[in-house]
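In what follows, a single structure is set out as structure tokens and then discussed.
The values are calculated or read from the model by the stated rules, or taken from the named source; none is laboratory data. Just so it is clear, the model here is predicted, and its values are computed rather than measured. Reconstructed Cβ throughout: ideal geometry from the backbone, glycine too, with neighbour counts over all protein chains shown.
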Amino acid sequence: MRDLTTLPTAHLHVHLESTVRPATLADLARASVDASFAPPATRRALHAGIGAWLAVSRAAG
């Protein structure tokens, strides 16, 4: 069997940033936060950060 650690790697985050709509990335981020074991206050703060990022992204685009 081939050793997978010898294969070239890719930086997926670099590729996703230019191929996925910002709203879709925000939805994925929210789903990730919701599925986490973070305390409720941390989840609220993370959701607020996602909303702020999306607002900046929309203003820039």
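Out of the residues in the range 1-23 that are at pLDDT 70 or above and among the small types (Gly, Ala, Ser), state the one that is farthest from Arg58 (Cα to Cα).
For the range 1-23, the residue satisfying everything is Ala10.
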- Query: Which residue pairs have Cβ atoms under 9 Å apart, sit 6 or more places apart or on different chains, and have a first residue in the range 25-37 that is without any contact (Cβ under 8 Å) to a residue 60 or more places away in the chain and in a loop (DSSP other than H, G, I, E, B) and a second that is among the hydrophobic types (A, V, I, L, M, F, W, C) and surrounded by 16 or more Cβ atoms within 10 Å (Cβ to Cβ)?
  - Reply: Ser36/Leu46
- Query: Out of the range 25-52, which residues are at pLDDT 90 or above and within 11 Å of the chain's Cα centre (by Cα)?
  - Reply: Ala26, Asp27, Leu28, Ala29, Arg30, Ala31, Ser32, Val33, Ile50
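Output the number of residues of the range 39-50 satisfying the condition of being surrounded by 12 or more Cβ atoms within 10 Å (Cβ to Cβ) and out of contact with any Asp or Glu (no Cβ under 8 Å at 6 or more places or on another chain).
Residues that pass the stated criteria total 7.
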